[in-house]
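Step one of this worksheet: look at the structure below.
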Amino acid sequence: MSVIRENLQVVRRAIVDAADSVQRDVHGIELLAVSKTFGADAVITAVEAGQNAFGENYLQEALEKISTVRAKRPDLNLEWHFIGPIQSNKTRAIAENFDWVHSVDRIKIAQRLSEQRPARLPPLNICLQVNISGEASKSGLLPDDVLRVAQEIADLPRLRLRGLMAIPEPEGNAEQQRAPFREMRALLEKLRAAGLQLDTLSMGMSSDMPAAIAEGATIVRIGSAIFGTRGYAK
Ligand SMILES: *Cc1c(COP(=O)(O)O)cnc(C)c1O
């Protein structure tokens, strides 16, 4: 059995355990396999082990991988999520090739994605990235700005605003890890109370997934626990 297949089983088991421990229905949690730095063959192996949704950070790498996977396996209908930083000159390729974008943190980027989303495709699913740990260097909206930006983006015709995404500062233990995820949940509730129809909290990575699930994550983004340690030389 391949390592990727085995890892996927372990990760799926961990998601079930995390959901059980807080009495959540596991069907409300989607596993996004973060395949950045790994090639098309790794993606296809994961697909053969039942994985359908993949996350990518680097546009050029992602575009090559998507087209290689399509050429090798035209029968597959995969879901591609862009989760990396977005430069405004890259929005067209993102709008044309992805199903979801988790890392929107500026109105201008959202407007471009909406304008550039091809009419033949369904609306692009969007999450607003929140700088929940308040780090100066990190991308993401400050929590106080999220409602205003969400309200401006919600009506863009070719987007569907789904919810919020965060990458909190790494914390040691599970209890500490839960604090920023709890703030994310509260922020989503605030947006819903203001009338926005949102259903997504994209949070939790290999090292903090159970804490994120305990606080309501609906998409967990898992890379190294599935594909192994990333070698950035690739
Ligand atoms: C790389 C990455 C992940 C996956 O991280 P792992 O620690 O490998 O699980 C998730 N989300 C984002 C935004 C990433 O860049």
Which of the numbered conditions does residue 226 fail, given that it passes all the others? Conditions: (1) in contact with a strand residue (DSSP E or B) (Cβ under 6 Å, 6 or more places away or on another chain); (2) more than 11 Å from the ligand (Cβ to nearest atom); (3) assigned to a helix (DSSP H, G or I). (2)
Criterion (more than 16 Å from the ligand (Cβ to nearest atom), of a type in the set (A, V, I, L, M, F, W, C) and either open to solvent by less than 40 Å² (accessible area, probe 1.4 Å) or over 23 Å from residue 83 (Cβ atoms) (or both)) met by exactly one of 43, 22: 22
What number goes with the only condition from (1) under 26 Å from residue 199 (Cα atoms); (2) more than 16 Å from the ligand (Cβ to nearest atom) that residue 68 does not pass? (1)
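I'd like the full set of residues that are touching a strand residue (DSSP E or B) at 6+ places or on another chain (Cβ under 6 Å) and assigned to a helix (DSSP H, G or I), limited to region 151-181.
153
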For region 98-120, which positions are open to solvent by 40 Å² or more (accessible area, probe 1.4 Å) and within 23 Å of residue 56 (Cβ to Cβ)? 99, 106, 108, 111, 112, 115, 120
What is the number of the single condition among (1) assigned to a loop (DSSP other than H, G, I, E, B); (2) within 25 Å of residue 113 (Cα to Cα) that residue 207 does not meet? (2)
Using the structure shown, decide if residue 78 is among the aliphatic types (A, V, I, L, M), in contact with a strand residue (DSSP E or B) (Cβ under 8 Å, 6 or more places away or on another chain) and open to solvent by 20 Å² or more (accessible area, probe 1.4 Å). yes
Restricting region 182-214 to residues that are away from the ligand (no atom under 16 Å from the Cβ) and among the charged types (D, E, K, R), the residue that is surrounded by the most Cβ atoms within 10 Å (Cβ to Cβ): 185
Pairs under 6 Å by beta carbon, first residue within 15 Å of the ligand (Cβ to nearest atom) in region 154-177, partner of a type in the set (Val, Ile, Thr), six or more apart or different chains? 163/200; 164/130; 166/130; 166/132; 168/132
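If only one of 30, 48, 6 is at pLDDT 95 or above, open to solvent by 30 Å² or more (accessible area, probe 1.4 Å) and touching a strand residue (DSSP E or B) at 6+ places or on another chain (Cβ under 6 Å), which one is it?
Answer to the check: 30.
The values are calculated or read from the model by the stated rules, or taken from the named source; none is laboratory data. Small disclaimer: the values here were computed from a predicted structure and weren't measured. Here Cβ is always computed from backbone atoms with ideal geometry, including for glycine, and neighbour counts include all displayed protein chains. Heavy atoms of the whole protein, side chains included, go into the accessibility calculation; ligands, DNA and RNA do not. Shrake-Rupley method; radii C 1.70, N 1.55, O 1.52, S 1.80 Å.
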